[in-house]
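Contents: one structure, followed by commentary.
The values are calculated or read from the model by the stated rules, or taken from the named source; none is laboratory data. A quick note: this is a predicted structure, and the numbers were derived from the prediction, not measured. FYI the Cβ positions are ideal-geometry reconstructions off the backbone, even for glycines, and counts take in every protein chain you see.
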Amino acid sequence: MSNARVLIVDDSLTMRALFSGVLERARGIEVVGMAADADEARELMIKLKPTVVTLDVEMPGMNGLEFLEEIMRDRPTPVIMLSTLTQKGAETSFKALELGAVDCFPKPKSATPDEFNALAPKLAALVIAASNGGVKQVKPVSHPVTRSFDWNGKIVAMSTSTGGVDALLGLLPAFPQNCPPTVIVLPIEPGFIDPLVKRLKASCQAQIVLAEDGQPLQQGKIYLATDLATHPVIDRWPDPSLRLLRSDPVGGFRPSASLLFATVAKTAGANGVGCILTGIGNDGAAGLKALRGVGGYTIAQDAASCVVDQAPAAARAADAVDVSLPLNEIAAAILNSCQRVRDAA
């Protein structure tokens, strides 16, 4: 596999130097150039042909969002937005995702080598995944009116990371008001949580709630587990409840999708439905395999519709998946599995 070839675009010389230093030290990454503005970056993209661009939002002249739109129109290339605005201006980040950015990565609050070194592994993994995944396909999503849904008692667990915000905004509006109880693992920067919940509440029929320890799992509710300090697990069956465990990362991940899927397998068994959406790493594969092993129905988003296919691909490689589907078919598959089958007259 060839190295990710990165062009860093940032008007700050200090930021360019720090990001370059972090990425150059990572295996599998080559920083091929740096630019201070869109004009310089445009020329370097033609000359150097990077496989990934990191792009600041605030720049003199053409800003990052305007240049992102131009890149996606004229020279499609995976772009990661890097800016302090990704922490305090989440609406800007959502706009970047809508325009085709692979992800939005927050700059550290202070431009020190220690802070940059702390974020290095996550940023490097994102750059490599973006390079391997290619350009994000931005497609409008339409949601037909949901047919009458008669719940059969199954519960749903899902996981996603990179690309997950867009995936959930495309998937969850198709869930009916009386959808099956659904728990979603979504590691996300705290500044994104409130704007994401606001958008989901505006577009979804089901009730969107943030996961809390001890909540009963109820029909018509979708629980977002975003806390980076806890693991969501399912406790008891029947009448399941959601617990948030404060413990070490599992396989390097917290919250752990694999732990969630494994507890669904243990408590609900064949009454569990598991789904892995776009994301980095292999979290979820082992737990999804356990769920499939006890008769639960398991789904992975297909490679063609993923922003990053690493997590779904790991699940497929582990033989943990009953079916791989494009994003626009996953809601129907989940609901069909959770739909009561009426006896023939």
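Please name all residue pairs, on different chains or six or more residues apart, with Cβ atoms under 7 Å, provided the first residue is in the stretch 88-105 and is of a type in the set (Asp, Glu) and the second residue is assigned to a strand (DSSP E or B) and at pLDDT 90 or above.
Partner pairs satisfying both residue conditions: Asp103/Ile80.
Residues in the stretch 213-235: is at least one in contact with a helix residue (DSSP H, G or I) (Cβ under 7 Å, 6 or more places away or on another chain), crowded, with 17+ Cβ neighbours inside 10 Å and of a type in the set (Gly, Ala, Ser)?
Within the stretch 213-235, not a single residue is in contact with a helix residue (DSSP H, G or I) (Cβ under 7 Å, 6 or more places away or on another chain), crowded, with 17+ Cβ neighbours inside 10 Å and of a type in the set (Gly, Ala, Ser).
All but one of (1) at pLDDT 95 or above; (2) surrounded by fewer than 16 Cβ atoms within 10 Å (Cβ to Cβ); (3) not polar (S, T, N, Q) hold for Ile334, so report the exception by its number.
In the conditions (1) at pLDDT 95 or above; (2) surrounded by fewer than 16 Cβ atoms within 10 Å (Cβ to Cβ); (3) not polar (S, T, N, Q), Ile334 misses (2) alone.
Strands (runs of 3 or more DSSP E) wholly in the stretch 201-251 with at least 3 residues that are at pLDDT 95 or above and within 20 Å of the chain's Cα centre (by Cα) - which ones?
207-210, 221-225, 231-235
State the number of residues belonging to the stretch 59-98 that are part of a helix (DSSP H, G or I), touching an Asp or Glu at 6+ places or on another chain (Cβ under 9 Å) and at pLDDT 90 or above.
Of the residues in that region, 2 qualify.
Does Ala225 satisfy the condition of being in contact with a Cys (Cβ under 6 Å, 6 or more places away or on another chain) and of a type in the set (A, V, I, L, M, F, W, C)?
Against the criterion (in contact with a Cys (Cβ under 6 Å, 6 or more places away or on another chain) and of a type in the set (A, V, I, L, M, F, W, C)), Ala225 does not qualify.
In this structure, does Asp283 turn out to be closer than 27 Å to Asp166 by Cβ and touching a helix residue (DSSP H, G or I) at 6+ places or on another chain (Cβ under 8 Å)?
Yes: the conditions hold for Asp283.
Quickly run through the stretch 303-326 and pick out the residues that are crowded, with 20+ Cβ neighbours inside 10 Å and either at pLDDT below 95 or part of a loop (DSSP other than H, G, I, E, B) (or both).
Answer for the stretch 303-326, where residues must be crowded, with 20+ Cβ neighbours inside 10 Å and either at pLDDT below 95 or part of a loop (DSSP other than H, G, I, E, B) (or both): Ser305, Cys306, Val307, Val308, Asp309, Gln310, Ala320, Val321.
Taking strands (runs of 3 or more DSSP E) that do not extend beyond the stretch 1-57, which have at least 1 residues that are among the polar types (S, T, N, Q) and closer than 21 Å to Ala96 by Cβ?
Filter on the stretch 1-57 gives 52-55.
Looking at the stretch 25-59, which of its residues are closer than 24 Å to Phe94 by Cβ and not acidic (Asp, Glu)?
Ala38, Ala41, Val52, Val53, Thr54, Leu55, Val57, Met59
If you go through the stretch 168-180 one residue at a time, do you hit one that is of a type in the set (Phe, Trp, Tyr) and at pLDDT below 95?
No: zero hits.
Among the candidates Gly295, Gly274, single out the residue that is part of a loop (DSSP other than H, G, I, E, B) and assigned by TED's automatic domain parsing to the domain that holds Asp166.
Sole residue among the options that is part of a loop (DSSP other than H, G, I, E, B) and assigned by TED's automatic domain parsing to the domain that holds Asp166: Gly295.
Could you tell me which of the residues Ala290, Ala285 is crowded, with 24+ Cβ neighbours inside 10 Å and over 16 Å from Ile330 (Cβ atoms)?
Ala285
Among (1) surrounded by fewer than 18 Cβ atoms within 10 Å (Cβ to Cβ); (2) under 18 Å from Val79 (Cβ atoms), which single condition is Ile29 missing?
In the conditions (1) surrounded by fewer than 18 Cβ atoms within 10 Å (Cβ to Cβ); (2) under 18 Å from Val79 (Cβ atoms), Ile29 misses (1) alone.
Please work out which one of (1) at pLDDT 95 or above; (2) touching a Phe, Trp or Tyr at 6+ places or on another chain (Cβ under 8 Å) is the condition Gly153 fails and give its number.
(2)
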